[in-house]
Amino acid sequence: MASLPLSDLSLFPATPDQVLESRRRHAPTWHKALSVEEYLLRDEIMDKYEHARDKKLTTWVLAPRVDPTTLNFMCSCEIFRRTAAMASPSDQSTAKQVIACGIASVFTPAEKRKKGYGHHMMRLLHWVLAPRSALPDFPEAWGSPPDVPAALGLQSAQFSVLYSDIGKNFYRYSGPTADQGNGWLENGSIETSLHADKAFADTTSSDPTTAPHIWLSEHDVKHVWSLDTPLMRADLAKEAASTGRTAFSFLPNIGVGASVIHRSMSFASDKTPVLPLDMWGVLLLPNSVIGVDEVFADPSRQVTYATWTLDSLNEAQRVLVTTRVRASQGTLPALLEVLVKFARKENIQKIEIWGLPETLRITAGEFGWETSNRTDHLSAFKWYGKESEDEVTWLFNEK
Ligand SMILES: CC(C)(COP(=O)(O)OP(=O)(O)OC[C@H]1O[C@@H](n2cnc3c(N)ncnc32)[C@H](O)[C@@H]1OP(=O)(O)O)[C@@H](O)C(=O)NCCC(=O)NCCS
C-alpha cells in the first residue's frame with residue numbers, strides 16, 4: 001500500500017511543469033507511431049484547439065499535501081470539461097444544456113504502481129467533477145476534499161465519462177468514498193464492424209450506382225455537427241418522453257468531434273502537422289437537394305450522414321472509426337455502401353461504428369457487418385444527478 005497515509009495526499013491542478021512531466025511519463029506507453037517528441041508536440045498543438053482552450057482541458061496530479069507542485073507526484077489524469085445535453089421525461093420538446101466531463105490519460109509510473117494511488121486519484125476525482133450536493137460526506141480518513149479553483153468551471157458536472165483500456169473493474173471500484181462499486185459503470189461498449197476482406201471486394205460492383213452523396217471536409221463536418229446538434233437534443237427529449245428515463249449525451253460541436261480528427265495527426269519532416277485524410281465524413285443527398293444546409297432544412301426529411309476519424313496511429317492496420325452516424329433502417333445500407341467505397345479508396349482495413357442503435361445493428365448485420373462487445377476502450381459513465389444509474393440512458397455513445 002501507499003507509503004504515505006491517504007490523508008497526506010490530495011488531488012491538485014497540475015502546474016505547467018507537472019503537465020509536461022505527466023505527458024513525458026505516458027509518452028513511451030501511448031506514442032504509438034509518433035516519436036516521443038512528436039507525441040509531446042501534438043499535445044502542445046492540441047492544447048490551443050477549441051476542445052481544450054479556456055481551461056476546458058486540465059491535468060490533475062495526486063501529490064503530497066505538503067508538496068503539491070513536486071515533479072515526483074504519484075499519478076495523473078486529464079479532465080475535459082464539455083457542454084453536454086440531458087432530457088428528463090418531463091421535458092417537453094428539447095434537451096437542456098449541462099456541463100459534463102471526459103476523463104483521459106490516467107497514468108501511474110511503473111515504479112509507483114500497485115500502492116493504491118490510481119484508485120485514490122479516481123476516487124478524489126469525483127470531488128473535483130461533481131457538485132458537493134451530489135456527493136455523500138467526504139471520508140474522514142482522507143483528510144479534507146481537494147481544493148478546486150472556481151475559474152476551472154468544475155464541480156458542476158451532471159455526469160462524467162471515460163474509455164477504459166484496463167477492463168471495467170478498476171473504474172467501477174473507484175467511487176467517491178471508500179465503498180467499492182460506486183464508480184464509473186461500463187455501458188454500451190459495442191462496435192459494429194467490417195473487415196477488409198471479401199466483403200469489401202463484393203461491394204465494388206455496385207460502385208457506379210451508389211446513392212448521391214457529398215464528401216465532407218473538416219470544415220464541412222463541423223458545419224454538419226452544428227446542424228445535427230439540435231436534432232440530437234430533440235432525439236434526447238423524444239427518448240426521455242417515450243421511455244420515462246432520463247437521457248444524456250455529449251455533443252460533437254465546440255471542438256469535441258474535431259479533436260478526434262486532430263488526434264490522428266502525424267508530422268512532416270519540418271514538424272508541420274499532417275492529417276492522414278482530406279475527407280472526414282459523407283452526407284447522403286436526397287433527390288433534388290444539393291447542399292448540406294438544404295438537407296437539414298426540412299425537419300420531415302431523414303438526414304443520413306457519417307463522420308469519422310482514422311486510428312492511423314494503430315501501426316498494424318488503418319482503422320476508420322465513425323464519430324457520428326445518423327441514419328434510418330431505410331437509409332443505412334446506402335450509407336454503409338459509401339463508407340466501404342471510401343475505405344477501399346483510402347486503403348483502410350477495418351471500419352468500426354461504435355454504439356449503433358439496435359435496429360440499425362440488425363440492418364448492418366444483413367450486409368455482413370458484425371456487432372461485438374469491444375474488449376478495449378470500454379465506455380463507462382458516472383451519473384451525478386438525482387436519478388439512479390438504472391434510470392438513465394446514454395445516447396449517441398459513439399467515439
Ligand atoms: C492503471 C493504472 C493507472 C493503475 O495505477 P495504480 O496506481 O497502480 O493503481 P492502484 O494501485 O490503485 O490499483 C492497482 C490495480 O489496478 C488494476 N490494473 C492495473 N493495470 C491493469 C490492467 N492492465 N488491466 C486491468 N486492471 C489493471 C488492477 O486491478 C490492480 O490491482 P492488483 O494490484 O490487484 O493487480 C497504472 O497501472 C497505469 O498507469 N497503467 C498504464 C497506463 C494505463 O493503462 N492507464 C489506464 C488507461 S484506461
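Each value in this text was obtained by applying a stated rule to the coordinates, not by laboratory testing. Nothing here was measured: the structure is a model prediction, and the numbers come from that model. Virtual Cβ from ideal backbone geometry, glycine too; neighbours counted across all protein chains shown.
Using the C-alpha gyration tensor of the chain, what are the square roots of 5 times its eigenvalues, in whole angstrom, with the largest one first?
Ellipsoid half-lengths, sorted descending, are 37, 25, 19 Å.
Here the range 26-53 is scanned for amide nitrogen atoms under 20 Å from the site 7 Å beyond the Cα of A268 along Cα-to-Cβ, giving 34-35, 37-46. Return one number: the angle in degrees, 0 to 90 and rounded to the nearest 10, between the long axis of the Cα atoms of helix 36-46 and the longest principal axis of the Cα atoms of the chain. Orientation of helix 36-46: about 80 degrees from the principal axis. Charged side chains reduced to their Cβ positions (Lys and Arg at +1, Asp and Glu at -1) give the range 257-399 a dipole of some 320 debye around its Cα centre. Contact order for the chain, expressed relative to its length and based on alpha carbon pairs under 8 Å spaced 6+ residues apart, stands at 20 percent. Each Lys and Arg Cβ is given +1 and each Asp and Glu Cβ -1; about its Cα centre, the chain then shows a dipole of about 520 debye. Extension gain, R301 to S388: 0.36 nm times the residue separation minus the Cα-Cα distance gives 27.7 nm. Return the single residue from V289, V256, V61 with maximal mean-square fluctuation; model: Gaussian network over the chain, springs between Cα atoms under 10 Å. Among V289, V256, V61, the largest GNM mean-square fluctuation belongs to V289. Compared with the dominant principal axis of the Cα atoms in the chain, helix 332-345 is inclined by about 80°. Partners of K345 within straight-line reach, counting lysines whose Cα lies under 22 Å from its Cα and excluding those fewer than 8 residues away in the same chain: K198. Computed over the alpha carbons of the range 6-186, Rg followed by Dmax gives 16.6, 54 Å.
Distance from the Cα centroid of the range 290-337 to that of the range 76-124 is 27 Å (rounded to whole angstrom).
Fully extending the segment from T83 to T243 would add 55.2 nm, taking 0.36 nm per residue of separation and subtracting the current Cα-Cα distance.
Counting only Cβ charges, +1 for Lys and Arg and -1 for Asp and Glu, the dipole size of the range 36-178 around its Cα centre is about 360 debye.
If we sort 258-271, 180-193, 382-395 on the protection proxy, mean other Cβ atoms within 10 Å, highest first, what's the order?
180-193, 382-395, 258-271
In this structure, the pairs whose alpha-carbon distance is over 18 Å, taken from K96/K238; K168/K386; K350/K399; K55/K386, are K168/K386; K55/K386. Compared with the dominant Cα axis of the chain, that is its longest principal axis, helix 117-129 is turned about 70°. Summarised in one figure, the compactness ratio Rg/Rh of the range 190-373, Cα atoms and Kirkwood Rh, is 0.96.
I need to check one value: relative contact order of the range 6-186, counting alpha carbon pairs closer than 8 Å and at least 6 residues apart, in percent. Reported relative contact order: 22 percent.
Quick check on packing: order 243-253, 100-110 by the mean number of other C-beta atoms within 10 Å, highest mean leading.
Top to bottom by mean Cβ count within 10 Å: 243-253, 100-110.
Report the FRET efficiency, 1/(1 + (r/R0)^6), for V289 and Q349, where r is their Cβ-Cβ distance and R0 is 56 Å, rounded to 0.05.
0.95
Cross-link reach is defined here as a Cα-Cα straight distance under 19 Å, omitting same-chain residues fewer than 8 places apart; for K48 the lysines meeting it are K56, K222, K271. Partners of K341 within straight-line reach, counting aspartates and glutamates whose Cα lies under 12 Å from its Cα and excluding those fewer than 8 residues away in the same chain: D202, D207.
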